[in-house]
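What follows is a set of notes on a single structure, which appears directly below.
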Amino acid sequence: MKNLIILSVIVLSSAVQAACSGNERVFETLDPVDQSAWAMTSKEYVPSRAGAPVVFILPPIVGETLLDRRLAARFCKNGMAAYILHATKTVSAEREATDLAIHDESYIRAHGAVKAVIAELEKQGGFSGRYGILGMSLGGMLSAYVAGAEPKIGASVIVAGAGNAAGVLANSDQELVVHQRNLRLSRLGFVDDTSYESALRAAIFHDPLSVAGNIRAGSMYMFIASKDATVPTRYQRELRAAVAEPLVFVMNASHTAGLIKAGTIHAGKITNFLSRRLRD
């Protein structure tokens, strides 16, 4: 009997490991911005047990990271399905340099991606119908918008994310953002960062702050990096002030250190929060 129990545990552990392996899945949908065909790639972590809640993970500006994958696998092993969604698109160099509307489009696209995957998963069946979202840095900004724009999102975890996209883009020290800002100052003739920020504000309508009032009280867990110059801390706090009763953990950390701390040291807090909110 003892050997049978040990064998059963090994078999069950192997099944969970296989189910939570992060296989690539492509969702065929339409880009909500221009209605073109969009083959959106994702990584799928689904536990073997039916009826699991689903957590969407939106990666940061540099793309999918090891932290994203480790959190997805952890969620799966704790009975939650996880989908890392590649919900952004590369735009041409010319649009990158001259078209401020691309940032507004990114929020529309992120929400459209989550809606499309929810529709596909509900058609497929086998999940609980409870949905959460997590994002770090830019992924946190996009996730905060989706949390406010999509009524089916019942829980969100935002790590060093913010609202006020115009302020972040005009003041961030992130290498890609600084390069983009300098290029635009040169190409579009902005006299300084203040005029650039004003132009961004006029071009970005779909911002986390615009929908923060829709987020259910107590449904957001914010990890704020107190020494952040990449997503400046003041904008993280601005989002906190706009959301009803968020759970907040302030990390004495810079941007990158904060992401690493949240994704490793505090991974248990994140997992427990999502599990509780999506099963209550």
If we ask which residues in the stretch 89-127 are under 16 Å from the mean Cα position of the chain (by Cα) and modelled with pLDDT under 95, their number turns out to be 1
Is it the case that Ser137 is closer than 14 Å to Pro246 by Cβ and buried (at least 20 other Cβ atoms within 10 Å of the Cβ)? no
Quick check: anything in the stretch 69-87 over 12 Å from the mean Cα position of the chain (by Cα), farther than 21 Å from Cys20 by Cα and not hydroxyl-bearing (Ser, Thr, Tyr)? no
Identify all residues within the stretch 126-160 that are among the aromatic types (Phe, Trp, Tyr) and within 16 Å of Phe75 (Cβ to Cβ); write none if there are none. Phe127, Tyr131
Those residues of the stretch 234-280 which are closer than 20 Å to Val211 by Cα and among the hydroxyl-bearing types (Ser, Thr, Tyr), in sequence order: Tyr235
List the helices (runs of 4 or more DSSP H) that sit entirely inside the stretch 132-204 and contain at least 3 residues that are in contact (Cβ under 8 Å) with a residue 12 or more places away in the chain, over 20 Å from Tyr83 (Cα atoms) and over 15 Å from the mean Cα position of the chain (by Cα). 165-171, 175-188, 193-203
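Within the stretch 33-49, track down each residue that is surrounded by 17 or more Cβ atoms within 10 Å (Cβ to Cβ) and either free of Cβ contacts under 8 Å to residues at least 24 places away in the same chain or not charged (D, E, K, R) (or both).
Residues satisfying the conditions are Trp38, Met40, Ser42, Tyr45, Val46, Pro47.
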Within the stretch 110-131, count every residue that is buried (at least 21 other Cβ atoms within 10 Å of the Cβ), touching a strand residue (DSSP E or B) at 6+ places or on another chain (Cβ under 9 Å) and in a helix (DSSP H, G or I). 5
Looking at the stretch 50-95, which of its residues are of a type in the set (Lys, Arg), touching a residue at least 40 places away in the same chain (Cβ under 8 Å) and either touching a Lys or Arg at 6+ places or on another chain (Cβ under 9 Å) or farther than 20 Å from Met136 by Cα (or both)? Arg69, Lys77, Lys89
Collect the residues in the stretch 211-238 that are hydroxyl-bearing (Ser, Thr, Tyr) and in contact (Cβ under 8 Å) with a residue 40 or more places away in the chain, keeping them in residue-number order. Ser219, Tyr221, Thr230, Tyr235
Evaluate the stretch 97-112: report whether one residue or more is of a type in the set (Lys, Arg) and free of Cβ contacts under 8 Å to residues at least 40 places away in the same chain. no
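The values are calculated or read from the model by the stated rules, or taken from the named source; none is laboratory data. Source: prediction; values computed, not measured. When we count neighbours, we look across all protein chains shown, and the Cβ atoms used for this are built from the backbone with ideal geometry, even at glycine.
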